[in-house]
Amino acid sequence: MSAEHHAINTLPSWDPDAYEAFLFDLDGVITPTVDLHMRAWAETFDLLFAERRLQPYRESEYYASLDGRPRFEGVATLLAARGIVLPPGAPGDVGFESVAGIGNRKNLMFTELLERDGIAPYPGTLALLDELARRGAALAVVSSSRNAEAVLAAAGLRDRFAAVVDGVVAAREGLPGKPAPDTFVRAAQLLGVAPARAVVFEDAASGVAAARAGGFGWVIGVDRGAGAEALAEAGAHTVVRDLEELM
């Protein structure tokens with residue numbers, strides 16, 4: 001793999017035949033839902049910061065505080081970075097008075113955007129999924145999002161994956177989110193495959209770190225904006241701009 005494609009070490013290129021299972025993050029890897037998430041976060045925090053007469057929300061704050069983290073954890077991280085202290089709140093809160101309220105307001109906006117605009121998978125990812133299906137590989141989705149099932153259904157991809165470990169599953173089973181490895185490890189368990197025999201595809205540094213902490217055999221960073229260097233530093237064996245490069 002050339003420097004243009006962000007090869008980051010001297011290890012040999014990945015060999016799909018050497019692995020039994022393939023675990024995909026959802027947002028930014030399978031579907032460009034990151035665009036919908038970013039729009040929903042921007043609208044939410046623009047209103048909050050304007051209300052508090054603070055500097056406007058910056059896109060860089062998405063990558064620094066929100067990308068790859070469970071929703072409420074991301075809210076708390078960004079608020080802390082801005083010096084804002086709010087109570088955790090109740091699960092049903094919607095508004096700017098608590099962490100839960102901000103997170104839930106954002107999710108309502110995301111759902112509206114998904115229902116209105118729909119979602120389509122990245123062509124390169126779809127091509128790779130087709131190839132892995134031809135090989136009979138076991139596939140799973142591991143996402144911090146609580147909307148994974150809805151997004152996969154909207155994209156027409158739910159039946160491609162034998163397991164989905166998302167924010168709903170993590171909450172139900174008490175699994176800590178990325179950068180902890182637990183959700184990836186759980187997906188591998190559901191597929192009946194040891195982590196060392198599985199490949200992870202991630203576009204967030206926190207997700208890459210989680211996969212490496214879980215002992216997965218190969219971790220591929222997908223640079224949709226987090227930066228090749230950040231993904232490499234988090235532990236990605238290989239970084240690409242698009243999964244089509246792996247075909």
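The values are calculated or read from the model by the stated rules, or taken from the named source; none is laboratory data. Remember, predicted model here, so these are calculated numbers, not experimental data. Cβ placement follows ideal geometry from the backbone for every residue including glycine, while neighbour counts extend to all protein chains displayed. SASA here: full protein model, heavy atoms, side chains in, ligands and nucleic acids out. Shrake-Rupley method; radii C 1.70, N 1.55, O 1.52, S 1.80 Å.
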Problem - Residues of the stretch 132-151 satisfying the condition of being in a helix (DSSP H, G or I), within 21 Å of residue 216 (Cα to Cα) and open to solvent by less than 30 Å² (accessible area, probe 1.4 Å) - result: 132
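Can you tell me which residue among 192, 214 is open to solvent by 40 Å² or more (accessible area, probe 1.4 Å) and over 21 Å from residue 125 (Cα atoms)? Quick ask: steps written out before the conclusion?
Numbers: 214 fails: open to solvent by 40 Å² or more (accessible area, probe 1.4 Å).
Only one candidate passes the filter, namely 192.
Restricting attention to the stretch 38-57, report how many residues are of a type in the set (A, V, I, L, M), free of Cβ contacts under 8 Å to residues at least 40 places away in the same chain and part of a helix (DSSP H, G or I).
Of the residues in that region, 3 qualify.
Residues are listed down the side, and each one gets a yes or a no for (1) assigned to a helix (DSSP H, G or I); (2) out of contact with any strand residue (DSSP E or B) (no Cβ under 9 Å at 6 or more places or on another chain); (3) of a type outside the set (Phe, Trp, Tyr):
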residue	(1), (2), (3)
62	yes, yes, no
69	no, yes, yes
109	yes, yes, yes
127	yes, yes, yes
130	yes, yes, yes
Practice task
Considering (1) touching a Gly at 6+ places or on another chain (Cβ under 7 Å); (2) open to solvent by less than 30 Å² (accessible area, probe 1.4 Å); (3) aliphatic (A, V, I, L, M), say which one residue 102 fails and leave the rest.
Solution key: (1)
Problem - Residue in the stretch 187-210 that is among the basic types (Lys, Arg) and under 26 Å from residue 77 (Cα atoms) present - result: no
Fill in the blank from the handout: Considering the stretch 96-107, residues that are within 18 Å of the chain's Cα centre (by Cα) and either assigned to a loop (DSSP other than H, G, I, E, B) or in contact (Cβ under 8 Å) with a residue 40 or more places away in the chain (or both), and then whichever is farthest from residue 152 (Cα to Cα), we arrive at 106
Handout entry: Evaluation of residue 76 against (1) open to solvent by less than 40 Å² (accessible area, probe 1.4 Å); (2) modelled with pLDDT of 95 or more; (3) out of contact with any Lys or Arg (no Cβ under 7 Å at 6 or more places or on another chain); (4) closer than 17 Å to residue 146 by Cβ (one fails), failing number
Key = (1)
Practice task
Considering every residue within the stretch 84-95, establish whether at least one is among the acidic types (Asp, Glu), assigned to a loop (DSSP other than H, G, I, E, B), under 16 Å from residue 42 (Cβ atoms) and in contact with a Gly (Cβ under 9 Å, 6 or more places away or on another chain).
Solution key: no
Completion exercise
For residue 173, the lone unmet condition from (1) at pLDDT below 95; (2) surrounded by fewer than 18 Cβ atoms within 10 Å (Cβ to Cβ) is (1)
Practice task
Would you be able to say whether some residue in the stretch 237-247 is free of Cβ contacts under 8 Å to residues at least 40 places away in the same chain and either crowded, with 18+ Cβ neighbours inside 10 Å or part of a helix (DSSP H, G or I) (or both)?
Solution key: no
Practice task
Quick one: residue 93 ticks every box in (1) touching a residue at least 12 places away in the same chain (Cβ under 8 Å); (2) out of contact with any strand residue (DSSP E or B) (no Cβ under 9 Å at 6 or more places or on another chain); (3) open to solvent by less than 60 Å² (accessible area, probe 1.4 Å); (4) not hydroxyl-bearing (Ser, Thr, Tyr) except a single one, so which number is it?
Solution key: (1)
Handout entry: Criterion (in contact with a Lys or Arg (Cβ under 9 Å, 6 or more places away or on another chain) and either modelled with pLDDT under 95 or not β-branched (Val, Ile, Thr) (or both)) met by exactly one of 225, 214, 207, 192
Key = 207
